[in-house]
Amino acid sequence: MSNGTSYEVLARKYRPQSFSELTGQEHVSRTLQNAIDSGRVAHAFLFTGARGVGKTSTARILAKTLNCERGVTHEPCNVCPQCIEITKGTSTDVFEIDGASNNGVEDVRELRDSIKYLPSHSRYKIIIIDEVHMLSTNAFNALLKTLEEPPEHVKFIFATTEPHKLPVTILSRCQRFDFKRVPVAKIIARLREIAGKEHVTISDSALALIARKGDGSMRDSLTAFDQVLAFCDSVVSDADVATLIGAVDPRLLADISAAVFGGDTQAVLAGIKRVDSVGYNMRQFCQDLIEHFRNLLVIRSVKKPEEILDLADAELEELRQQAAAFTAQDIQRRLTLLIKADGEMAYASFQRLILEMSLLKAALLVPIIPINELLEKIKVLEAGAVHTPALPWNAHRPAVSGAAEQESGEPKQATPQPAKTAQPATTPKMQPRGSHADWERFVAFCVEKRPAAGSVLEHGSPLKLEAGLMEIGFPAGSYYLTSAQDADSIKEIRELSEEFSGGATTVRVRAIIPETGDSPPSLAEKKKCDREQRIEALRQAVTAHPVINEALRLFGGTITDIRET
């Protein structure tokens, strides 16, 4: 690579010189080539689209195609004097005008007078006006008649990023071509091709960062690539690319999103500290997080996310792995919080605090109780199974008639006894495996009194239920363990237990590994297991039903899904 003053930037060095070199605008290339081959070339064209997507390059290619010495063809030769002059911008018959600086009515009148004369040594006089929307109203009016009925030797090509600012009288006189944003995958492929020609070693992930920085603009991507090469020369690292172009490292987005879903508030705040230390704009980082969560949501919501997301294959596969452990509902709830934070950050001076609060809230979201569980509870209430608080385990209580208690199996109202004869009942210890019925009653009581605490307890396993002692196990590393170990949560569970049983209770919370089978299942696990068993029983009943089998035989159908009604 030359270090001299004649260095040519990549955006100019690798500017498309033929229709086949245009990246991401195949629909425009094909239409223009067909028009040229069939002789149906209009007298005025309007090229619209975002910056750096190839509008002016296409205008030059079309000009070369029309004026090439080898004849009007769908590809210029790029070797004849006419093509070379147009490429260099020195042709006397191809005028490139900046609409921003030549926007007055006098400029248009001068142009209108000059096009009356035949081209000096070309087939057509071609007028290319860039940013045509910048022309004044009077300038547009002066151009109207000429644009509608131009001389046969004149072709107009207009380019603009804001077509809505053009008068309809101009739009109706032009053939309009809308240029698309170049997909990230195609930008990466073009950058890879250029890196090979420039003998540069760079990874696909680094090229993806550069392509994303371009935001659909090939020119912006090449400019960013030029900046990276100026610093790194022939060997480019991912870290250097992220630092130079000011892009957020995808690993940082993945780390913070994993911390949010895992309820790891320490890691969340540590990630924001890293963002601040490298100098990222907090609102821009919030928007990058929104984009990241949006990608995760799309992946979890549709069967073919590659048709929706503009991502490279490697990026898509990495996001698939991240999204596998989350539900679409979990992602959507947290995405809503980030969108709200972005709106608040627009008018706040303490943006870091707003983002931290939003991510902490997202990390501490209480799991939503599935609607089918709520419906089951409502059915129980409608059936008359009204819950009445009772002692869930053999705690100390007033003595009652032994015969009555043995017959009914339920505690009766205590009969007043003289003080000298009232003796507390002995309390045998309850084994963990035999305490599930009492535990279900206690959790139902908690759900009724304090739903948030009850929803957490539904995911706990009763390890010990004894007089004055309750030991609950939660899966190690889970949100429910973190929530239950909080001092306020333990105090709340203790108060509920004392209200339920009528005696003082010590509450202990510890981590367990459910896969080992050393602890009884939680209510959530039991409900899930019961539902799976019901579905399997239904499946067996359905597949064995003679009427259903006959219907399948007659209509040639198959059973795809079985649902409870």
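What to note about this one:
- Hits in the range 143-161 - residues which are more than 23 Å from Asn67 (Cα to Cα) and either part of a strand (DSSP E or B) or touching a residue at least 60 places away in the same chain (Cβ under 8 Å) (or both): Thr160, Thr161
- Criterion violated by Ser217 - all others in (1) at pLDDT 85 or above; (2) more than 23 Å from Thr161 (Cβ to Cβ); (3) among the hydroxyl-bearing types (Ser, Thr, Tyr) satisfied: (2)
- The condition of being closer than 24 Å to Glu131 by Cα and of a type in the set (Gly, Ala, Ser) holds for only one of Ala11, Ala35, that being Ala11.
One line per residue, one yes/no per condition, for (1) out of contact with any helix residue (DSSP H, G or I) (no Cβ under 7 Å at 6 or more places or on another chain); (2) free of Cβ contacts under 8 Å to residues at least 60 places away in the same chain:
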{"position": "Tyr7", "(1), (2)": "yes, yes"}
{"position": "Thr23", "(1), (2)": "no, no"}
{"position": "Arg40", "(1), (2)": "yes, yes"}
{"position": "Phe45", "(1), (2)": "yes, no"}
{"position": "Arg60", "(1), (2)": "no, no"}
{"position": "Lys64", "(1), (2)": "no, yes"}
{"position": "Arg70", "(1), (2)": "yes, yes"}
{"position": "Pro81", "(1), (2)": "yes, yes"}
{"position": "Gly89", "(1), (2)": "yes, yes"}
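- Among the residues of the range 453-487, the ones that are of a type outside the set (S, T, N, Q), buried (at least 17 other Cβ atoms within 10 Å of the Cβ) and within 38 Å of the chain's Cα centre (by Cα) come to 15 in all.
- Residues considered: His164, His153. Of these, the only one that is over 25 Å from the mean Cα position of the chain (by Cα) and surrounded by 15 or more Cβ atoms within 10 Å (Cβ to Cβ) is His153.
- Taken together, Arg190, Arg109 contain a single residue that is surrounded by 15 or more Cβ atoms within 10 Å (Cβ to Cβ), farther than 19 Å from Ala42 by Cα and modelled with pLDDT of 90 or more, which is Arg190.
- Thr543 satisfies every condition listed in (1) of a type in the set (Val, Ile, Thr); (2) in contact with a Leu (Cβ under 9 Å, 6 or more places away or on another chain); (3) exposed (fewer than 14 other Cβ atoms within 10 Å of the Cβ) except (2).
- Of the residues Arg494, Arg450, Arg441, the single one that is surrounded by fewer than 20 Cβ atoms within 10 Å (Cβ to Cβ), under 22 Å from Ala363 (Cβ atoms) and of a type in the set (Lys, Arg) is Arg450.
For every residue, the table says whether it meets (1) buried (at least 19 other Cβ atoms within 10 Å of the Cβ); (2) touching a helix residue (DSSP H, G or I) at 6+ places or on another chain (Cβ under 8 Å); (3) not assigned by TED's automatic domain parsing to the domain that holds Arg320.
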| site | (1), (2), (3) |
| --- | --- |
| Arg212 | yes, yes, yes |
| Val228 | yes, yes, yes |
| Phe231 | no, yes, yes |
| Ala258 | no, yes, no |
| Thr265 | no, yes, no |
| Val268 | yes, yes, no |
| Gly271 | yes, yes, no |
| Ser277 | no, no, no |
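- Checklist (1) among the aromatic types (Phe, Trp, Tyr); (2) modelled with pLDDT of 85 or more; (3) over 12 Å from the mean Cα position of the chain (by Cα) applied to Tyr280, failing item: (2)
- Lys88 vs. criteria buried (at least 22 other Cβ atoms within 10 Å of the Cβ), under 28 Å from Ser120 (Cα atoms) and of a type in the set (D, E, K, R): no
- Residue in the range 66-85 that is surrounded by the most Cβ atoms within 10 Å (Cβ to Cβ), counting only those that are touching a Ser or Thr at 6+ places or on another chain (Cβ under 8 Å) and among the β-branched types (Val, Ile, Thr): Val72
- Against the numbered list (1) in a helix (DSSP H, G or I); (2) under 23 Å from Leu469 (Cα atoms), Lys526 comes up short only at (2).
- Evaluating His292 against the criteria (1) surrounded by fewer than 19 Cβ atoms within 10 Å (Cβ to Cβ); (2) at pLDDT 90 or above; (3) of a type outside the set (Asp, Glu); (4) within 24 Å of Ala189 (Cα to Cα) leaves one unmet condition, (1).
- Qualifying residue in the range 235-256 (condition: at pLDDT 90 or above, outside any loop (DSSP other than H, G, I, E, B) and not acidic (Asp, Glu)): yes
The values are calculated or read from the model by the stated rules, or taken from the named source; none is laboratory data. Note that the structure is predicted; figures quoted are calculated from it, not measured. Reconstructed Cβ throughout: ideal geometry from the backbone, glycine too, with neighbour counts over all protein chains shown.
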